[in-house]
Structures are given as C-alpha cells and as structure tokens.
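Only the coordinates and a few stated rules stand behind these numbers; no lab work does. Just so it is clear, the model here is predicted, and its values are computed rather than measured. Here the Cβ is made from the backbone with ideal geometry for all residues, glycine too, and neighbour counts use every protein chain on show.
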Amino acid sequence: MEQKVLKEREQQCVQEQPPGCTAACPVHVDVRGMVAAIQKEDYKAGVQLLYKMVPFPRIISRICDQPCQQACKRQEIDESIAVNELEKSCVDNSNELILNITPMPPKDKTIAIIGAGLSGLTAAVELGKKGYHVVIFEAKKLVGGSIRNIPEHQLPRQNIADDFAILKRIPLEINLHVIVNNHKDARTSLDHISATFDAVYLATGCIETNPHDWGLALDVGGGIAIHPVTLATSVPNIFAGGSLYLGPDHKSPITSISHGKIAANSIDRFLQNASLTASREKEGAFTSLLYTNIAGVEPQRRVRSADPNKGYTTEEAVKEAKRCLLCECLECVKVCEYLAHFHAYPKRYVREVYNNSSIVMGVHHANKMINACNLCGLCEQVCPGNLNMGEICQEARRIMVKKGKMPPRVHDFALRDMQFSTSEKFAFSRHQPGFASSSTVFFPGCQLSASSPEHVKSMYQFLCKKITDGVGLMLGCCGVPADWAGQENLFKETSKAIEDNWRKLGSPRVITGCPTCYSVFKREWPSMDVESIWTVLDKIGLPDQGEEPLAPLKLVVHDACTTRHEAALQQSIRKILHTLGHQVEELENSNEFTECCGYGGLMLFANKEIAHKMIKKRSQQSENDFLTYCAMCRDNFASQGKQSYHLLDLIFPTRQQDVAGKKGPGYSERQENRARLKRTLQKEVWGELADKEQCNVTLIISENVRQTLEELMILDSDIIAVISQAEHTGNKFKNMENNSYIASFKPASVTYWVEYSPQEDGFLVHNAYSHRLEIKGS
Amino acid sequence: MDKQVQNIIICNTCDIPLALGKVTLAYLGNEFPVELYKCPQCGLVYIPEELAKGKMDQVEKALEDK
C-alpha cells in the first residue's frame, strides 16, 4: 500500500472526525469529552477540556452563544444538548481551575493588541504564551470590553476577575485609557503603532468609528477588508477580528475568542515568514463528516433546571449529560465481531496494516489481525465512506505471501485440503454419459461434495433429467481458499485448470452448487454463462417431493456472505422455500447486510476464537432454525449447536433423524466423502472402473481422540502415513508403561506424532500431535 | 517428566532407554541447538507432547511473526 492510498483509505473511515458540536464550535471544545466526564460526575476533567480551548472558561460558561447547538445530532431526534448549561455546571462544581502555562523563551518581537475585549485578550494570552512581548492598548479604564455591559446575574463579576487572573501570569503590558485610531484626534495612531511594533491585532469591538479612520483598505460593504481565514488586512503586519469584523448584529463571544486565536496564529506565522494560508481548513467552525446512527434512539426532552437562575443541580447536569449520544460512527464495528475483537476501528487498522508491511526487522504485530478477517464485505456495506477492510486485508495477505512473511500455520491446512480437491482424488470432468457434448455443466464445489455428497449425486441426476441436451459434471475446487489466503499464483493455477477443463467440455453454461464458487466464477470469467443452482431450480422447477414431503418448517434464512450483492439469487431461495411450503422469517441483517458464518476468508483456520464468536452472535439472532444454502454456513452453525438446514436437505429429504442438528463431517471425513463421491459417480453413472481405495491400514479412533484430531487438524491420512512409516522402518519408540508405540513422520512441512497400539483388526490410536520445528539431526 | 521419559520410553530398534543429547531444531531459516531425549545409539529423537504443544509451539509462533 502506498502512502497516498493509505491516506485515501484512512479518510474513508470517519470515526476520528470530531462530533458535529466540536466542529461547529469555532474553538473546537471537546464537548463529547466534557459531557462524558459529567456523566461520570468528573467536573474537574470536564472543565479542563473547556480550559484547554478557551482561556476564559468562567466567562464563556455564562455567555457562550453556542453555535454547537445547531450541529447537535440530538436535534434531529428532540432537542440539542444544553452545552452551555453543562459548561456552567463544570465550572461551578470544580473547586480548582488552574491552567498550566509553560511560557516559551522570550522572543525579540513585540506585538500590539488594540482593544482588550475577549478577542484581543485571547490573542494577547496566546501570543504571550509563545514568548512574544505583548503590549495591550485599551480605551476604557478596565479590560474586558463589552462583557462589562452584561448584567451581574448573567455574568458575575467574580467570574471575570477569576478568569482575568491569567493576565497576571503571562508577561503582558496593559495600557488603559489609550484611544487608538488614525483620526487626527487620536493620541496614538495606528500608523505609528504599525511602524513601531512587529505586528498588530486590531480588536476594538463595535465602537462607533468610521472605518475610513483606520487608514486600511475597505471591502465593498464599507467595512475594513479582512481576510476571512487569516484575518489579515491590507497592511501586512496588521490583523483584525472580533466584533469589529463580525459587526453589531453578529456578535458572538465564542467567535471573538476564536478570532483571537486565529489572529495569534497568523501573527506567529507572519513573524516566522511562514505561509499565512497553508493548512488552516480546520481553524474556526467547519462541518464534520462524522456519521452517527440515530436509529432507535428514544426522544427525551432537555432537562430543565428547577431554578433557572441557579442553573443545573449536579443531578440535573448528569441527567442532561446522559442525553448526549457521545457521537461516533463505529457502524462496521457494531456489526462485525472481527473488527470489534481488536478494540479499534478501520482507520487505525488501515494504519496498522500499512505499518506491518513496512517492517523489515521485528515483530509483525498486525499479522493476526490481517489474517483473521473473513473478507465478507459487510463493513463496506454499512460504512458511510464505503471502506472495505476485507480488500485491505486480502491485499496485505498477498504482499505477505510474496515477501515470504505469511506465517505458514495460518492457511497451510486449508490449502492442503484445497489441493486434495484439485488432485486426482476428487477432480473429475465428463460429459453426461451418452452425450458427445454438454450444453451445461454442473460444478457442485468441494465443500458441498464434502458435506452432502448424496445431495450432489441427486442434484446431478435431477439436472440430467430436466436438461435434455447434455449436462456435464466437473468436480473440483474453485480455488477460493488460495484467493483468500493471498496465494495469487496458486489461485491462478487453479483457475487455469478449471478454465481448461471447461473449454474441453466445449465452454458450456455452468451451474454452481456453492454460492462461493458462483461468486468466484462470475468474477474470474465475466464472459462465462454461469448460474447458481438456486436460480436454475427456481426456473426449471423442483424435484418431486415424493409421497411423504417434509412437514412445513418455520425457518430464518441466513444468506451466504458471498451472495451479498446477488439479489436475484437470494430471491430464488425465498421462492423455493415458499414453493416447498415452509414459513420464512428474515434475520435483521440479511440480503446485502448478511453476516458471515465465520468460514469466509479462512477465518476459522486463522482465528477460531473470533470465528466462534461470529457463529454465536449470528445464531442468537433468532430462535428459529436456520436455513442456509452454503455447506460451510450449515456445518459451521451446526458445529456450535445451532439447528441449521441446507436448502438441499429440504429439496432431497431423507429419512434421517435430526438433519438440522447433525454436526457436519470432520476434516478427514470431508476428504473421504469427496473421494467416495467421485468413485461412486464414476462407477454408477459412467460405468468406469474407479481407482480403488489404496489404504490398507485400518484405524480405530475413539470419540475423544477424534475430537483432538479435529482440533489439531490432523487427518487420518496423516496418521496412516506415520504408522505405515514406523511399521515399515521400525523407527519408533516404545512406551513401556502401556506398551504402545510412539512414532513420527514429516510428509511435508508438519511433523506428526502418533501414539498407537497394533490390534488384530487395525491400529488403535491413543493420541496424536504435531509441530513445525524441524528436527535437523544431532 | 524427564525421569518418566528415561524410565518408560525406549527406542524400539535399539531396545535401550533414551538419554539427553544435542539436537538442532530449525524453522523458517533459523536454527537452534537444544538438548532433547534421543536414542544414544541410533540418534532417533523423541519429542514429547508437552514440548510440541508448549515451548515448540511458542517458538514457532514467535518466528512466524518475525
């Protein structure tokens, strides 16, 4: 991922955008943080957040004009949060209110501030902290400007006095009773000050002065021409803002303070010969891109204080604070156990993925996160910026594979299982017997063949009956495990083999039995005529249900995540269920918002813990039995105790009991099922002499040991290889305690150990384990 | 555990108990000398389950994330 792409992707995630209130506040008070502190009754923390942005919190807590209100999300539901009332609570309930000031070393530049209102004083404080020599000129006998006109009950004079104490902690020179302008009566002229000082901030408020008198260029309206972003005037070292700029009709205490800060920044830049305009988009009020979902939020009226003159009691403040939605996005994290598992959100994850791929020496901490994603695409679906973490993770996996940095254990088993399915043991391709060509070919896929080989056989026979101009059969794997694992070359190789076989059959129309195969075929071969078995059945009709059709069931449909954008396919599923007479209910997140069963992206192999969380979460969304149409979805849900049917279980009902509760076959059985399906079809449909099962070793495996083997992903074939090797060479250990043998064998990258005892009718397996460290010798 | 191995595991071919000896383990281009139980005569190395599932697993994971 290049830096530029990283930045673009980071921008797609809006979680770190400020809430609307903070963005609309010209000085960007962290309202969310402050309100969250009040929720916890931590007024001190709340007021510190106010103080961080506003040099005069006691004053602003009484008189703020609250532009934040207009941007409050709560407004869309009922009423905005009473931010200023809450600020007042913070101030009134904090005994200590101290701002730590660390003035910077003195600079040799002097700055004149003309007008000691909120704007001028803010600029003075900001510049004084930076070490500039600041001289204030105020026409009146007191600093404060127009706030002195506000009645005591609205703004207690003690608040002013306490806030202005800061002016004594910063080296400022304050000159009172000094009237400045360029009028001939003026004792001190602006021209003179401008020439004497390095920079000037003109913040005289709404005094009745003819703008002409300042000797500055005017705008079309007759006021002083002031740059809206930098507050620069026509004279390079003079800046102007506050009510002087806003005018008497648009006075805003918080904007005046903001102007003071902006002017201080401009003066600092001006004196350092830095650009006045660069990167200032986020100064002053702006519109946040943060998205916050308000669906389901109950209306709740703003808390009114019992005594409006006194403001909120602490109970009232907490109650009002709890109305705040503490706006954030997290739309994707809310719906995805994987994204929630790593305790952050995509903006952070994208950066972690980028950093991970940049590491030359050291630990790749994000490997686990990159490999755990199920690549299901739900995040993109719910994200206001359409960010897809799956694409990012898959790309990262490809890079890891290319660089040789993919931890071998993550996908090794799944890839070997895939290789089994693409090998002669399962792969198979034929025209229908009696036909020299195929109009259609059925590609059931490796997992459906592993989970329900009998259904594959029935479906093939049904298709042959219904489609009269030749239905070929292709057994194999679509290669998606390689694609998910980031193994580009292996995926290409697999795709090539499929394409070759398909062309050999005369490039017929393809009907897939598995929704994932369908998505892969559609993506890889846009010109291929490919259809899912479900839309086909919807058109050609269902097999005869026989004399004893299944009793109607009440089912919820779990859509496969690989069909997220296949509305027609999903519709067919519902229609088929309706035709079969079953009652269908929908999960809250279905169709394009469906969730993954935990198998996608090889999540189950990379991170079983998260996969199980996913299965559990999804299973709990309905008490009804699930109806799936992907073999892995069915088996995954059933593995964790969720009653689940595959649609084929209903189309080809058997007399088997508890079809929905039955656990799917284990890893070894899955491979055996595929191999047996091929042999059976070869023999029964094509009358070919199938390869015989080559194994002459019989294993005796208890339920407990079987479970261990499943957990460790050790196949019967691995165990047979170990025992055969040990029995053939004699290289084994004897456990004198129980007279069993212990032997090992390393067929490829993994060394398998088996503890076993020969029996009359085979080998009793006591235990097995494996490791990847290689024993190189002594 | 160690004593158990010495007392109960014997090399099937040589019919003698195992003894600790030097072995090199390798993974992803890294090699480390370790002491493991092996047959003093034919050198066949024994890896107990606890070692495979414990320390060896940890080392493998650490190396895989390097």
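Miscellaneous remarks
- Between the range A:711-749 and the range A:268-333, the alpha-carbon center distance in angstrom: 66 Å
- Calculated FRET efficiency for the pair B:ASP15/A:LYS608, C-beta based, R₀ 41 Å, to 0.05: 0.45
- Mean-position separation - Cα centroids, the range A:54-94 and the range B:1-32, in angstrom: 73 Å
- Fraction of alpha-carbon pairs over 38 Å apart in chain A - percent: 57 percent
- With neighbour counts taken as other beta-carbon atoms within 10 Å, the residues A:LYS130, A:LYS663, A:LYS613 rank, fewest first, as A:LYS663, A:LYS613, A:LYS130.
- When chain A is described by a simple charge dipole with +1 on each Lys and Arg Cβ and -1 on each Asp and Glu Cβ, the residue from A:PRO543, A:ALA165, A:ASN767 located farthest towards its positive end is A:ALA165.
- Charging the Cβ of each Asp and Glu at -1 and of each Lys and Arg at +1, and nothing else, the dipole of the range A:329-402 about its Cα centre rounds to 220 debye.
- For A:PHE763, nonlocal amide neighbours, meaning residues 5 or more places apart or on other chains whose placed amide H falls under 5 Å from its own, are A:THR698, A:LEU699, A:ILE700.
- In this Cβ point-charge picture (+1 for Lys and Arg, -1 for Asp and Glu), chain A has a dipole of about 1180 debye about its Cα centre.
- Using a cut-off of 24 Å between Cα atoms, the listed pairs A:LYS52/A:LYS261; A:LYS141/A:LYS251; A:LYS425/A:LYS734; A:LYS88/A:LYS261; A:LYS402/A:LYS678 include A:LYS425/A:LYS734; A:LYS402/A:LYS678 as exceeding that distance.
- For the range B:1-65, the convex hull spanned by the alpha carbon atoms encloses 83 Å³ per residue.
- Given charges at beta-carbon only (K, R positive; D, E negative), |dipole| of the range A:1-140 in Debye: 460 debye
- Ranking of A:TRP502, A:TRP214 by neighbouring Cβ atoms within 10 Å, starting from the fewest: A:TRP502, A:TRP214.
- Förster radius 30 Å - calculated FRET efficiency between A:LYS310 and A:GLU96 (Cβ-Cβ, nearest 0.05): 0.90
- Reducing the range A:150-175 and the range A:12-53 to their Cα centroids gives an inter-centroid distance of 24 Å.
- Note on chain A: dipole from Cβ charges, positive end direction compared against A:MET632, A:GLN621, A:VAL335; the farthest Cα belongs to A:VAL335.
- Local net charge near A:PRO408, Cβ-Cβ under 12 Å (Lys/Arg +1, Asp/Glu -1): 0
- Among A:TRP534, A:TRP686, the order by Cβ neighbours within 10 angstrom, fewest to most, reads A:TRP686, A:TRP534.
- If the chain linking A:THR680 and A:GLU79 were pulled fully straight, counting 0.36 nm for each residue of separation and taking away their Cα-Cα distance, it would gain 209.3 nm.
- FRET efficiency, 1/(1 + (r/R0)^6) with R0 25 Å, evaluated for A:ASP108 and A:LEU6 via beta carbons: 0.05
- Spatially proximal lysines relative to A:LYS732 (Cα-Cα < 28 Å; intrachain offsets below 8 disregarded): A:LYS746, A:LYS776, B:LYS3, B:LYS22, B:LYS38, B:LYS53, B:LYS55, B:LYS61
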